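Enquirer: Quick one: the structure is below, and I'll ask about it shortly.
The values are calculated or read from the model by the stated rules, or taken from the named source; none is laboratory data. Only a predicted model underlies this, so the values are computations on that prediction, with no experimental measurement involved. Glycine gets a Cβ as well: all are built from the backbone with ideal geometry, and neighbour counts include every protein chain shown. Quick note on the areas: whole protein, heavy atoms, side chains included, nothing else; ligands and nucleic acids left out. Shrake-Rupley method; radii C 1.70, N 1.55, O 1.52, S 1.80 Å.
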Amino acid sequence: MMGLASYACHPERSRGRQHPEAPPQGRNQFQRDRDRIIHCNAFRLLEYKTQVFINHEGDLFRTRLTHSIEVAQIARTLARNLGLHEDLTEAISLAHDLGHTPFGHAGQDELNACMNEFAPEAGGFEHNLQSLRVVDELEERYAEFNGLNLCFETREGILKHCSVRHAAQLGELGARFLEKRQPSLEAQIANLADEIAYNNHDIDDGIRSGLLSVDQLLEVRIFARHHEAVLRRHPKLERRRLVGEIIRSMINTLVVDLTENTLAQLAEHKPETVDDVRAAPRLAAFSPELRREADELKRFLMRNLYRHARVMRMTSKARRIVRELFIAFLQEPRLLADDYLRDDPVRQARAIADYLAGMTDRYAIQEHRNLFQM
Ligand code: MG
């Protein structure tokens with residue numbers, strides 16, 4: 001473990017907040033951001049939003065909330081190993097999915113399709129951009145500003161991807177997408193921690209649901225390798241514990257590899273400040289060998305879990321619910337509190353998207369039932 005490195009984000013050198021505020025007492029600026037995220041409404045709604053399995057399919061499956069906590073846990077370990085600011089990494093991780101729609105990617109894809117079809121001028125729906133909208137505008141908790149008024153560094157980390165069209169409208173924050181620069185290392189590792197978390201917990205949830213089997217996963221090299229190593233140590237281990245041990249050692253392998261490889265990249269490029277990090281090539285990365293293995297696992301999950309017939313059935317139902325709600329709100333703006341937006345189709349479509357994106361799975365299902373089955 002090392003202290004805060006010179007290439008880390010330092011809270012006292014933050015590029016600041018959009019609305020100037022007195023510095024926090026008893027906490028640093030990034031702790032304040034982390035605390036504001038935990039206290040906001042959108043954070044609590046994550047509990048009832050799908051990761052892969054719809055929230056009511058079973059109490060043991062990950063939701064967006066437990067996913068975000070797992071991402072934060074992995075990211076904090078990485079931050080400590082690399083001399084980065086742990087509170088900032090935690091804030092970015094906890095906020096990274098705040099803009100997610102109900103029903104996971106299915107909900108997001110359908111909302112984007114509706115926006116493009118019914119309000120082509122509005123510029124579609126992007127979930128990363130929506131996470132930023134939540135913290136910049138949509139939360140209504142503070143007397144003097146909309147949103148949470150987070151530091152530039154936290155917002156930079158939340159905006160993981162962004163289309164060129166939107167980047168051009170985001171000023172300083174969007175500039176890196178146009179100039180092809182990197183975000184801070186805290187943001188880079190939060191992003192990779194997201195990948196480590198979902199690849200591993202989706203195996204766990206996939207096996208728990210019966211959609212994946214251990215035998216089937218043996219075709220994936222990283223799983224097979226750890227399966228063999230665990231069985232060598234514990235030849236008679238029952239399945240539940242076997243899966244638990246494999247996943248824990250895969251996460252550990254990925255975290256150690258990412259730490260070592262990133263330290264090697266840092267030694268090679270020698271960034272001295274976070275601006276050096278932003279100008280350098282992407283420094284946080286797995287070794288090429290582990291990158292290949294992680295990609296193989298992702299492809300396996302895509303083929304066998306995310307496109308499994310049972311998941312696809314849920315996906316098409318979810319898309320229908322989102323589409324029908326969108327159209328209902330469009331035709332009957334009184335259903336939205338913001339019906340004064342009626343005269344401005346772009347703002348109206350955006351208000352519908354904000355409202356729909358904020359819904360939990362069960363709220364969307366209930367709202368759909370109320371509108372269409374009574
Ligand atoms: Mg995520």
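Enquirer: Out of contact with any helix residue (DSSP H, G or I) (no Cβ under 6 Å at 6 or more places or on another chain) and either of a type in the set (A, V, I, L, M) or surrounded by 15 or more Cβ atoms within 10 Å (Cβ to Cβ) (or both): does that describe Val274? Steps first, answer last, please.
Expert: Working: out of contact with any helix residue (DSSP H, G or I) (no Cβ under 6 Å at 6 or more places or on another chain): yes; either of a type in the set (A, V, I, L, M) or surrounded by 15 or more Cβ atoms within 10 Å (Cβ to Cβ) (or both): yes.
Yes: the conditions hold for Val274.
Enquirer: Quick check on the stretch 298-311. Is at least one of its residues in a loop (DSSP other than H, G, I, E, B), on the phi > 0 side of the Ramachandran plot and surrounded by fewer than 18 Cβ atoms within 10 Å (Cβ to Cβ)? Please lay out each step first, then the result.
Expert: Taking the stretch 298-311 first, the residues in a loop (DSSP other than H, G, I, E, B) are 307-308.
Next cut, on the phi > 0 side of the Ramachandran plot only: none.
No.
Enquirer: Here is a further query. I'd like to check something: does the stretch 135-142 contain any residue that is crowded, with 21+ Cβ neighbours inside 10 Å and within 16 Å of the ligand (Cβ to nearest atom)?
Expert: Yes.
Enquirer: Being open to solvent by 10 Å² or more (accessible area, probe 1.4 Å), in a helix (DSSP H, G or I) and within 16 Å of the ligand (Cβ to nearest atom) is the filter; apply it to the stretch 107-126 and report the residue that is farthest from His39 (Cα to Cα).
Expert: Among those that are open to solvent by 10 Å² or more (accessible area, probe 1.4 Å), in a helix (DSSP H, G or I) and within 16 Å of the ligand (Cβ to nearest atom), it is Asp109.
Enquirer: Considering the stretch 319-352 alone, what residues qualify as being of a type in the set (A, V, I, L, M), open to solvent by less than 10 Å² (accessible area, probe 1.4 Å) and modelled with pLDDT of 95 or more?
Expert: Answer for the stretch 319-352, where residues must be of a type in the set (A, V, I, L, M), open to solvent by less than 10 Å² (accessible area, probe 1.4 Å) and modelled with pLDDT of 95 or more: Val322, Leu325.
Enquirer: Can you tell me which residues in the stretch 64-102 are open to solvent by 20 Å² or more (accessible area, probe 1.4 Å), within 15 Å of the ligand (Cβ to nearest atom) and among the charged types (D, E, K, R)?
Expert: Of everything in the stretch 64-102, those that are open to solvent by 20 Å² or more (accessible area, probe 1.4 Å), within 15 Å of the ligand (Cβ to nearest atom) and among the charged types (D, E, K, R) turn out to be Glu70, Glu90.
Enquirer: Here is a follow-up. Condition check: more than 20 Å from the chain's Cα centre (by Cα), assigned to a loop (DSSP other than H, G, I, E, B) and farther than 22 Å from Ala72 by Cβ. Does Ala143 satisfy that?
Expert: Working: more than 20 Å from the chain's Cα centre (by Cα): yes; assigned to a loop (DSSP other than H, G, I, E, B): yes; farther than 22 Å from Ala72 by Cβ: yes.
Here the answer is yes, as Ala143 does meet what is asked.
Enquirer: What's the total number of residues in the stretch 1-37 that are open to solvent by less than 70 Å² (accessible area, probe 1.4 Å) and out of contact with any Phe, Trp or Tyr (no Cβ under 8 Å at 6 or more places or on another chain)? Spell out how you get there, then give the answer.
Expert: From the stretch 1-37, those open to solvent by less than 70 Å² (accessible area, probe 1.4 Å) are 3, 5-11, 14, 16-17, 21, 24, 28-37; that's our starting set.
Next, from what is left, pick out any that are out of contact with any Phe, Trp or Tyr (no Cβ under 8 Å at 6 or more places or on another chain): 3, 5-8, 10, 21, 24, 28-36.
Qualifying residue count, the stretch 1-37: 17.
Enquirer: A further question follows. For the stretch 347-361, enumerate the residues that are among the small types (Gly, Ala, Ser) and over 21 Å from the mean Cα position of the chain (by Cα). Quick ask: steps written out before the conclusion?
Expert: As a first pass, look at the stretch 347-361 and keep what is among the small types (Gly, Ala, Ser): 349, 351, 353, 357-358.
If the condition is that a residue be among the small types (Gly, Ala, Ser) and over 21 Å from the mean Cα position of the chain (by Cα), then Ala349, Ala351 are the ones that fit.
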